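Where a number appears in this text, it was derived from the coordinates with a stated rule and is not lab data. Since we're looking at a predicted model, the values are computed, not measured. Note that each Cβ is placed from the backbone with ideal geometry, even for glycine, and that neighbours are counted across all protein chains shown.
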Amino acid sequence: TLLAYFLWWNMVHPGANWDHKPKLEKKLGLKESDDYYLPIRGDTEHEFYYDIWSNIHYGFVGSAAGFDADTLHKYAESGVLGAGKTDGGDKLSVQIGIDLWNKYQLELTQSNVINEILSHTNDYLNIQRNDPNVGVVIDWVDGNLK
């Protein structure tokens with residue numbers, strides 16, 4: 001219904017309660033350091049762009065709220081006020097959230113999230129190879145940017 005879409009938008013638009021990017025910026029001092037890439041425990045060769053967390057949350061919570069995958073992806077890509085610009089990395093992150101809901105629902109653990117992200121590292125890297133405007137993962141080898 002229209003009301004459901006409005007309520008959803010009210011939670012996910014830029015600056016809303018479920019837009020985690022400004023919260024992460026503030027909590028982790030990302031603006032001051034100008035470093036928006038974060039390591040994930042268990043992977044010493046990559047760092048992931050901070051917006052994956054909001055996109056995964058969007059897919060997970062949107063699925064939990066009853067929105068189907070097509071609706072979540074279409075809304076994210078729609079350009080509707082506040083939906084933002086969506087690239088291949090964003091789409092994959094949203095899908096990871098959807099997949100996590102479908103697999104675990106309320107039994108989700110931190111390990112499930114980490115394992116799911118890390119299992120898609122090569123997918124993120126392939127997206128970046130195909131679109132130089134996408135920068136989701138820094139690939140480090142021996143401490144150097146690869």
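Could you work out how much longer the chain between Leu28 and Asp43 gets when fully extended? Use 0.36 nm per residue separation minus the Cα distance between them, nm to one decimal. Walk me through the numbers on the way to the answer.
Working: separation 15, 0.36 × 15 = 5.40 nm, distance 1.95 nm.
Full extension from Leu28 to Asp43 adds 3.4 nm.
Would you mind computing, in nm to one decimal, how far apart the modelled labels at Lys91 and Ser119 are, each placed 7 Å from Cα along Cα→Cβ?
The modelled label-to-label distance comes out at 2.1 nm.
GNM, the chain, Cα, under 10 Å: largest mean-square fluctuation among Glu25, Glu47, Glu107?
Maximum fluctuation in the GNM of the chain, among the listed residues, is at Glu107.
In degrees between 0 and 90, to the nearest 10, how far off the longest principal axis of the chain does helix 52-64 point, with axes built from Cα atoms?
30 degrees
In region 1-34, what chymotrypsin sites (Phe, Trp or Tyr not before Pro) fall in a loop by DSSP, with at most 16 other Cβ atoms inside 10 Å?
Values: sites: Tyr5, Phe6, Trp8, Trp9, Trp18; in loops: Trp18.
Passing both the DSSP loop test and the Cβ count: Trp18.
Which residue fluctuates most in the GNM of the chain (Cα springs below 10 Å): Leu108, Leu30, Leu92?
Leu108
Tell me which label goes with the value of Kirkwood radius over Cα pairs in Å computed from the coordinates here: (1) 16.9; (2) 18.7; (3) 15.9.
(3)
Between Ala16 and Asp131, what FRET efficiency follows from the Cβ-Cβ distance if R0 is 25 Å, with the result rounded to 0.05? Provide the component values of the computation, followed by the final result.
On the way: r = 27 Å, r/R0 = 1.09.
Working from the Cβ atoms, E equals 0.35.
Given points 7 Å out from each Cα along the Cα-Cβ axis, report the Glu107 to Phe6 separation in nanometres with one decimal.
3.8 nm
For Cα pairs less than 8 Å apart in space and 6+ apart in sequence, what is the mean separation divided by the residue count of the chain, i.e. the relative contact order in percent? Intermediate results must be reported in sequence, preceding the final value.
Details: 161 pairs, mean separation 35.9, N = 146.
About 25 percent, as a whole number.
Given the rule -39500 (n - 2.57) for each run of at least 4 DSSP H residues, summed and divided by the residues of the chain, what is its mean residue ellipticity at 222 nm, to the nearest 500 deg cm²/dmol? Please list the in-between numbers first.
On the way: 8 runs with 83 residues, N = 146.
So the helix-based figure for the chain works out to -17000 deg cm²/dmol.
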